[in-house]
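Contents: one structure, followed by commentary.
Where a number appears in this text, it was derived from the coordinates with a stated rule and is not lab data. These numbers come from a predicted model, not from an experiment. Here the Cβ positions follow ideal geometry from the backbone for every residue, glycine too, while neighbour counts run over all protein chains shown.
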Amino acid sequence: MKQGDLVYSGKAKSLYRTGTEGELLVLFRDDITAFDGGKKDVLTEKGSLNARVSACLFSLLEEHRIRTHFIRSLDDSSMLVRELQMIPIEVIIRNIAAGSMVRNYPIREGTLLDPPVIVIDYKDDSRHDPMLNDDLVLALKIVSKDELLRIKDLALSVNIVLSRFFEARGIILVDFKLEFGRYNGELLVGDEISMDSMRLWDMKTKGSLDKDVYRFEKGDVLAVYRQVTEKVLKR
Ligand code: ATP
Ligand code: TYD
């Protein structure tokens with residue numbers, strides 16, 4: 001597999017051409033950032049931990065007939081994916097109140113959200129990813145009404161599969177972020193599903209097993225990422 005021209009380099013991943021039309025190589029770098037890029041570091045091995053977890057979770061979704069961009073892993077830090085026309089939204093699914101939900105609204109951290117809460121942010125760093133509602137999504141013509149319903153439906157299906165998977169491993173899926181893109185008229189789950197994009201709590205201690213360890217300097221982030229990776233890869 002040839003690593004061709006660089007298409008895009010974001011805060012944590014780089015996308016490359018591969019020589020095959022419609023396919024991209026995604027390289028998970030060791031960069032870690034938080035607070036809109038205000039805090040950043042390079043942590044050796046972090047990229048490969050997130051890449052391996054993402055590959056495993058995308059495969060799990062595919063096994064449950066949820067279509068994703070994932071084709072196959074290329075090595076520990078990179079994967080081959082279908083090139084999507086990305087939809088500029090971040091779809092956040094919350095099972096337990098935490099993070100910005102607790103900062104912005106009168107709800108206690110740890111409150112069970114049943115049914116889960118779906119929040120959609122507009123993906124635009126220069127505007128600090130403002131929150132949207134359904135009317136805004138449609139007014140901005142980001143997706144059609146049907147696509148919005150389909151996106152929410154897919155997000156809830158992903159939530160069921162991932163929540164069960166983590167529960168069986170002694171981990172609570174508190175919340176997570178998905179990105180979607182179009183591929184030949186079909187909506188696919190894209191980007192990554194990793195410790196950077198999920199909030200995970202140890203079922204017994206309620207301790208953080210995700211990027212919050214880095215955000216709030218709660219301990220050894222690499223050790224925590226390794227611990228989650230080991231549990232996920234056991235399948
Ligand atoms: P953020 O961290 O806010 O998501 P970023 O652009 O810095 O933004 P990275 O993860 O570093 O994030 O970059 C990956 C980029 O690749 C994202 O913009 C994402 O939307 C895009 N992307 C993910 N999967 C695909 C795909 N299959 N086809 C095309 N683009 C993709
Ligand atoms: P949220 O609580 O809104 O933000 P923060 O973690 O910054 O307080 O995040 C909810 C979940 O979505 C959490 O698991 C992290 C993930 N997420 C991302 O991966 N990228 C993002 O840009 C945002 C806003 C959230």
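Using 0.36 nm times the number of residues separating Met1 and Lys40, minus their current alpha carbon distance, what extension gain do you get?
Numbers: separation 39, 0.36 × 39 = 14.04 nm, distance 3.07 nm.
Contour length minus the Cα-Cα distance gives 11.0 nm.
If amide hydrogens are placed 1.01 Å from N in the peptide plane, which non-local residues have theirs closer than 5 Å to the one on Ile89?
Result for Ile89 returns Lys123, Phe180.
What is the packing order of peptides 2-13, 146-157, 125-136, taking the mean over residues of other C-beta atoms within 10 Å and listing the highest first? Could you put the intermediate results ahead of the total?
Details: 2-13: 13.6, 146-157: 15.3, 125-136: 11.0.
Ranked by mean Cβ neighbours within 10 Å, highest first: 146-157, 2-13, 125-136.
At 18 Å minimum axial length over the Cα atoms and a Kyte-Doolittle cut of 1.0, report the qualifying DSSP H helices in the chain, or say none. Numbers along the way, then the final one.
Values: long enough: 46-63 (26 Å, 0.37); 145-167 (33 Å, 0.34); 221-234 (20 Å, 0.35).
Both cut-offs are met by no helix.
Sequence gap at least 6, Cα distance under 8 Å: using those rules, report the relative contact order of segment 175-219 to the nearest whole percent. Provide the component values of the computation, followed by the final result.
On the way: 53 pairs, mean separation 12.4, N = 45.
Relative contact order comes out at 28 percent.
Contact order normalised by length for the chain, with contacts defined as Cα pairs under 8 Å and 6 or more residues apart; what percent is it? Write out the running numbers ahead of the final one.
Values: 433 pairs, mean separation 42.1, N = 235.
Here the relative contact order equals 18 percent.
Let's test the formula: R0 of 30 Å, r as the Cβ-Cβ distance of Glu230 and Asp124. What FRET efficiency results, to the nearest 0.05?
Details: r = 36 Å, r/R0 = 1.20.
The value I calculate is 0.25.
Let's test the formula: R0 of 30 Å, r as the Cβ-Cβ distance of Arg182 and Glu63. What FRET efficiency results, to the nearest 0.05?
Details: r = 23 Å, r/R0 = 0.76.
Working from the Cβ atoms, E equals 0.85.
Using the reciprocal of the averaged 1/r over all distinct C-alpha pairs, how large is the Kirkwood radius of segment 22-84 in Å? Write out the running numbers ahead of the final one.
Numbers: mean 1/r = 0.0796 Å⁻¹.
Answer for segment 22-84: a Kirkwood hydrodynamic radius of 12.6 Å.
List the lysines whose Cα sits under 21 Å from the Cα of Lys11, skipping any in the same chain fewer than 8 residues away.
Of all the lysines, those that pass the test against Lys11 - Cα under 21 Å, at least 8 places apart if same chain - are Lys39, Lys40, Lys46, Lys123, Lys177, Lys211.
If you take the alpha carbon radius of gyration of segment 103-235 and divide it by 2.2 N^0.38 Å, what ratio comes out, to two decimals? Walk me through the numbers on the way to the answer.
Numbers: Rg = 16.3 Å, N = 133, 2.2 N^0.38 = 14.1 Å.
Normalised by 2.2 N^0.38 Å, the Cα Rg of segment 103-235 equals 1.15.
Counting only other residues whose beta carbon sits under 15 Å from that of Pro116, what net charge do I get with K and R as +1, D and E as -1?
On the way: positive: Arg94, Lys152, Arg164, Lys177, Arg199; negative: Asp114, Asp153, Glu167, Asp175.
Counting the neighbours of Pro116, the net charge comes to +1.
Quick one: work out Rg over Rh on the C-alpha atoms of segment 164-219, Rh as Kirkwood radius. Walk me through the numbers on the way to the answer.
Values: Rg = 14.0 Å, Rh = 12.6 Å.
The Rg/Rh ratio comes out at 1.11.
Over 20 Å, how big is the tail of the calculated P(r) for segment 19-143, in percent of all Cα pairs?
Values: 4854 of 7750 pairs.
For segment 19-143, the share of Cα pairs beyond 20 Å comes to 63 percent.
Determine which aspartates and glutamates satisfy two conditions relative to Lys152: a Cα distance under 16 Å, and not lying fewer than 8 residues away in the same chain.
Output for Lys152: Glu90, Asp114, Asp121, Asp134, Asp135, Asp175, Glu179, Glu186.
Find the all-direction average of the projected area of the Cα convex hull for the chain, expressing the result in square nanometres with one decimal place.
The Cα convex hull of the chain, projected and averaged over all directions, gives 12.8 nm².
Binned at 10 Å from 0, what are the whole-percent values of the Cα-Cα distance distribution for segment 79-131, short to long?
With 10 Å bins starting at 0, P(r) equals 21, 40, 28, 11, 1.
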